[in-house]
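The values are calculated or read from the model by the stated rules, or taken from the named source; none is laboratory data. Only a predicted model underlies this, so the values are computations on that prediction, with no experimental measurement involved. As a convention, Cβ positions derive from the backbone with ideal geometry for all residues, glycine included, and neighbour counts pool all protein chains shown. Each accessible area value is taken on the protein alone, full model and side chains, heavy atoms only, with ligands, DNA and RNA left out. Shrake-Rupley method; radii C 1.70, N 1.55, O 1.52, S 1.80 Å.
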Number of protein chains: 2
Amino acid sequence: MEVELYDTTLRDGAQTQGISFSVPDKIRITEKLDSLGIHYIEGGWPGANPKDIEFFKKAKSLKLKNSSLAAFGSTRRANTKVDKDATIKELLRSEVDVLTIFGKSWDLHVKEVLKTTPDENLKMIEESVNYLKSRGKFTIFDAEHFFDGYKANPEYALRTILAAERGGADRIVLCDTNGGTLTSNVFEIVEEVKKKVKAPLGIHSHNDSEMAVANTIAAVQAGCVHVQGTMNGYGERCGNANLISIISNLKLKLGVNCISDLSLKELTETAYYVAEMCNMKLDDNQPFVGSSAFAHKAGVHVNAIMKNPRTYEHMDPSSVGNKRVLLISELSGKSSILKKAKEIDLELDKEAPQTKKILGALQDLEHKGYHFEAAEASLELFMKRSMKKFKRFFELSDFRVIIEKRSKRKITSEATIKLKVNNKLEHTASLGDGPVNALDNALRKALKDFYPTLAEMHLTDFKVRVLDEKQGTAAKVRVLIQSQDKTDSWWTIGVSENIIEASWQALVDSVEYKLLKDSEKK
Amino acid sequence: MEVELYDTTLRDGAQTQGISFSVPDKIRITEKLDSLGIHYIEGGWPGANPKDIEFFKKAKSLKLKNSSLAAFGSTRRANTKVDKDATIKELLRSEVDVLTIFGKSWDLHVKEVLKTTPDENLKMIEESVNYLKSRGKFTIFDAEHFFDGYKANPEYALRTILAAERGGADRIVLCDTNGGTLTSNVFEIVEEVKKKVKAPLGIHSHNDSEMAVANTIAAVQAGCVHVQGTMNGYGERCGNANLISIISNLKLKLGVNCISDLSLKELTETAYYVAEMCNMKLDDNQPFVGSSAFAHKAGVHVNAIMKNPRTYEHMDPSSVGNKRVLLISELSGKSSILKKAKEIDLELDKEAPQTKKILGALQDLEHKGYHFEAAEASLELFMKRSMKKFKRFFELSDFRVIIEKRSKRKITSEATIKLKVNNKLEHTASLGDGPVNALDNALRKALKDFYPTLAEMHLTDFKVRVLDEKQGTAAKVRVLIQSQDKTDSWWTIGVSENIIEASWQALVDSVEYKLLKDSEKK
């Protein structure tokens, strides 16, 4: 059996409280989902958000290998000509091949929200789908509130999707928009619908009853071949169905071939990557990919696990790129270091003691909260420093930052730094728009005469994540900085309980990476 | 239909990475669960943990109104006399009336972990149950790995629970110990078992496939009358089945009368209370009780919700003691401001110039990067301050933070603050793990004698987001802080180009919200 995956992290996921994507964020997530092999990536709702229009414009230059981009919108409004309807026009203007429109399947909504007649609603659905089809689009119909509608008035709910089918919909997606439907009902209703509709069916569920994943799997078992969800289950209220868990269950429990085995192994990394882009912490206990998902406490369980992992593990963690955690030290990881070394042209022998040493140091850093997956430039610097592959471009001695606020006056930030470059001591100070900016300014001031190419680079992104939130303001902080020059962009990282120190580490790496890169070119 | 609830937060929940209960913690949670009306509270494993022995001793003086305490352990060891077995003896020594013992239902475990014969395992089960029954105990048998065992060898798995039945077990609980079973399998297997066993059946599931709640509900639909789980789904790896969601689903979706309607309204408060005892942050998106569980973004949804809440809510949030949150964002207009005002008991006239002024000021702040939908407490403070609805609890005058790093020494952060409280000038200083922590410490130091209830609150989350990333280190920064006390959690916000100033704003709001909340209670 084949099931196709439809990701709506960029649209429904963006409804999560606290998530707000920039256009470059959306582009990066799109590329990641494409490399995972997601069949459809819903990029946004061009009618509702100017940022989404910009995204679809920029996305045209992407060369996606596996995915089709989809734009989201609604059927035409009541009593409007379909070719004059603003939403429909905006959808076509996005120029993507796959368009998804939602329409109402619950008579309560038709009456109380649309305030139109049941018949006009059916026309809105059929005409909108039909019009998009006539413009050559692959058209997906999302039947909003289908399950609630079916429970209230099965006949009318069915008529709405039959209208979409008459319009020529390529997929009809049954939505549990409010997330209140029990698994048993989802299964029964999908089975009933399947008897009456020929178009391939999809499922879109929400987690309000803590059943979104189970409901999705049940819908597939009842005949759905198209699955909508979001990475890590992001979404409004209690979230959407979590595609990470759905993919894992489909592949490992039902043997449904929705992504390749190789991609499955990328699942953990992908989950972290998207969380990072969303500026969210990945839950330790997230099924399949969380850092505690295969963590066993010492004692009976660990003992049994060492006899046979099946005794306390429902699956092999490595199949999704995750790993078992026992309270004894880990041994894995060597191959990924070797892989990275090869990438950056470092010769590293599998058996050399140096390899082991670097690996140990890296694991130590990752344990402290460094997350090199998101900061390749820092990883490269770390490995090259460990192997003494370059001479450091400067040596930091001291820094101090003073932030001061006096009654109604504007806050000020001043940084002082002392460093050695070419054996010369530089001692400079600078003001800034904040403490990190002041440090940045002071660092550039100290280095600019020695390394004029630094003028070419600038910082393009700056992300801050609190790691152990429970510690409140004493928590460890991870700072990611993206820098860019004329030819490249790169990410660097810093971790500390002190946000200024973490920023400083990432700042120094970003400058050092630029200098190293330039020196290697010569 | 009646279903009885069995909570194992104090035993299985305590396996969560990061949770560690003191005996007084366990006593307080027990009292809370009793007042909720949980039928059985599993207090611990007296054989495995000296703390648990102490708990059962102390618990004797508790006057529980609704709950029975249960102690957990295992069947006797292989080739041991049951009345000489250490675990069994320890169980009886706990002197509680309900004893729960687990035994092996999966032949793989019998062979590879117990390393005994299938027949001896059956004897261990029957004799252990029988012995506890003969000592007058209400005896619950947990069939460990029942579902995996049944999938591997249904005949043997059945024989293990028939052995427990012969021993006289009062309940036979089918466990999905590894959490790998799909909902459809749970349903089918429980149905099969039900045909062959007369003892009342229970279900115990884990969340490794993100299906623990759905699996529990399916098991009830197939005939289980006893449900095991933990508060908020705490537990090893991906957690146990979440009793909070199970209770809500049983009561509201299946009409099963497991706790009273009045207790149901205590569910949100209970979830926070237990989270607090566990020193865990309650997930905002937790179904039913999370702070975002009924949060709607402005626009189409809010509009519909105001016409009829059923349109986008699967249930009435107040039935579980939670509340609807309408998120105010850039797009929001006058009506959502009025709605918000009503929520916080502010009288605001639709046509009053004040309404317009507040709206204008709000839009201004949102334009500057404030994001009130994620910081309801700051919004409430803003509105009440604008309407002069309270006197500020303190007035900040100056602050200064110095962050210093000297060669190889550890970085230090020192904050100095000057503020007026009750017309008295307080001038204090404090060190911290970083600049924000230093400010936090100094602020509390200055206020603690005036407002002792501040000791009850602590910060549970701290998010930093860079707004205009392209500005690099000079970018504007948005800081969100979540705070929690015994009954609530709330988010506050600060925005500035200076991360320290942004943190300071959010910090001051979080403290002021707590003080305002407490003053309104009186």
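Things to note:
- ³J(HN,Hα) computed for each position of segment A:166-174 - Karplus, 6.51 cos²θ - 1.76 cosθ + 1.60, integer Hz, glycine/proline x: 4, x, x, 4, 6, 9, 10, 10, 8
- Solvent-accessible area assigned to carbon and sulfur over chain A amounts to 49 percent, based on a 1.4 Å probe.
- Sequence ranges A:74-82, A:177-185, ranked by mean other-Cβ count within 10 angstrom, highest first: A:177-185, A:74-82
- Per-residue mean of C-beta atoms belonging to partner chains within 10 Å, peptide B:180-187: 5
- Per residue accessible area of the protein assembly as shown, 1.4 Å probe, in Å²: 39 Å²
- For chain A, the longest principal axis of the alpha carbon atoms and the long axis of helix A:243-253 meet at an angle near 80°.
- Largest accessible area first, the residues B:Asp107, B:Asp398 order themselves as B:Asp107, B:Asp398 under a 1.4 Å probe with ligands, DNA and RNA left out.
- Rounded accessible area of B:Phe462 (nearest 10 Å², 1.4 Å probe): 10 Å²
- Here is how the number arises for chain B: DSSP H runs of 4 or more residues each give -39500 (n - 2.57), the sum is divided by the residue count, and the result at 222 nm is -12000 deg cm²/dmol.
- Distances in nm from A:Arg385 to the matching label points in the other copies, shortest first (labels 7 Å along Cα to Cβ): 4.1
- Sorting A:Met457, A:Met280 by accessible area puts them as A:Met280, A:Met457; the probe is 1.4 Å, largest comes first, and only protein heavy atoms count.
- The rule of thumb for compact globular proteins, 2.2 N^0.38 Å, goes into the C-alpha radius of gyration of segment A:4-259 0.93 times.
- Protection proxy ranking, highest mean first, for peptides B:421-427, A:128-134, A:138-144, B:241-247: B:241-247, A:138-144, A:128-134, B:421-427, where packing is the per-residue count of other beta-carbon atoms within 10 Å, averaged.
- From phi via Karplus (6.51, -1.76, 1.60), per-residue ³J(HN,Hα) for segment B:407-422 in Hz, x at Gly/Pro: 5, 8, 6, 5, 5, 10, 10, 10, 10, 10, 9, 10, 8, 10, 9, 6
- The protein assembly as shown, dipole about Cα centre (Lys/Arg Cβ +1, Asp/Glu Cβ -1), debye to the nearest 20: 2180 debye
- Per residue of B:239-252, other chain Cβ atoms within 10 Å of the residue Cβ number 2 on average.
- Debye intensity ratio in log₁₀ form over the Cα atoms of chain A, taken at each q of 0.07 Å⁻¹: -0.49
- Debye log10 I(q)/I(0) for segment A:126-233, one point scatterer per Cα, at q = 0.16 Å⁻¹: -0.64
- Total accessible area lost when B and A pair, probe 1.4 Å, Å² to nearest 100: 9100 Å²
- Net charge dipole, segment B:4-259: roughly 740 debye, given to the nearest 20, about the Cα centre with Cβ charges of +1 for Lys and Arg and -1 for Asp and Glu.
- Inter-site label distance for B:Arg93 and B:Lys388 at 7 Å from Cα along Cβ, in nm: 7.0 nm
- Taking the C-alpha atoms only, the angle from helix A:376-386 to the longest principal axis of chain A is near 30 degrees.
- In order along segment B:456-461, phi translates into HN-Hα couplings of 6, 9, 8, 7, 10, 8 Hz, rounded to whole numbers, per the Karplus curve 6.51 cos²θ - 1.76 cosθ + 1.60 with θ = phi - 60° and x for Gly and Pro.
- Placing pseudo-labels 7 Å out from each Cα toward the beta carbon at A:Asp364 and B:Arg28 gives an inter-label distance of 3.9 nm.
- Descending semi-axes in Å of the protein assembly as shown, equivalent ellipsoid built from Cα gyration tensor: 45, 37, 32
- Residue order by solvent-accessible surface for A:Lys521, A:Lys63 is A:Lys63, A:Lys521, largest first, with ligands and nucleic acids left out and a 1.4 Å probe.
- When the Cα positions of A:Thr355, A:Phe390, A:Ser407 are compared along the charge dipole of segment A:346-416, A:Ser407 comes out farthest toward the positive end, with charges on each C-beta of Lys, Arg, Asp and Glu.
- The lysines whose alpha-carbon is closer than 22 Å to the alpha-carbon of B:Lys58, local same-chain residues fewer than 8 away aside, are B:Lys26, B:Lys32, B:Lys89, B:Lys137.
- Exercise: per-residue mean of other protein chain Cβ atoms within 10 Å, A:504-510: 1
- Förster radius 30 Å - calculated FRET efficiency between B:Lys84 and B:Lys115, Cβ distance, rounded to 0.05: 0.90
- Set B:Lys368/B:Lys389; A:Lys195/A:Lys265; B:Lys356/B:Lys514; B:Lys297/B:Lys389; A:Lys389/A:Lys424; B:Lys104/B:Lys194 screened for pairs whose C-alpha atoms are more than 30 Å apart: A:Lys195/A:Lys265
- Dividing the mean sequence gap of close Cα pairs (under 8 Å, 6+ apart) by how many residues segment B:171-223 holds gives a relative contact order of 50 percent.
- Pairs of Cα atoms nearer than 8 Å and 6+ residues apart set the relative contact order; for chain B it is 9 percent.
- Each Lys and Arg contributes +1 and each Asp and Glu -1, all at the Cβ; summed about the Cα centre of chain A, the dipole is approximately 1240 debye.
- Rounded accessible area of A:Trp490 (nearest 10 Å², 1.4 Å probe): 10 Å²
- Amide H contacts of A:Asp85: none lie under 5 Å away among residues 5 or more positions distant or on a separate chain (H built 1.01 Å from N in the peptide plane; Pro and chain starts excluded).
- Distance-filtered residues of segment A:80-97 - backbone nitrogen under 16 Å, label point 7 angstrom along B:Lys307 Cα→Cβ: A:80
- Computed over segment B:4-259, relative contact order equals 19 percent, with contacts defined as Cα pairs under 8 Å that lie 6+ residues apart.
- Other-copy label distances relative to A:Asn422, 7 angstrom Cα-Cβ extension, nm: 6.4
- Furthest towards positive pole of dipole, A:Val320, A:Val225, A:Ser184, structure part chain A, Cβ charges: A:Val320
- Positive-end extreme of charge dipole, segment A:370-522 - chosen from A:Ala446, A:Leu480, A:Trp504 (charges on Cβ): A:Ala446
- With R₀ fixed at 60 Å, the C-beta to C-beta distance from A:Glu395 to B:Lys198 puts the FRET efficiency at about 0.15.
- Surface accessible to a 1.4 Å probe, B:Cys238 within the full protein complex, Å²: 10 Å²
- Between 0 and 90°, nearest 10: helix B:334-343 axis offset from chain B longest Cα axis: 60 degrees
- Other-copy label distances relative to A:Lys196, 7 angstrom Cα-Cβ extension, nm: 4.0
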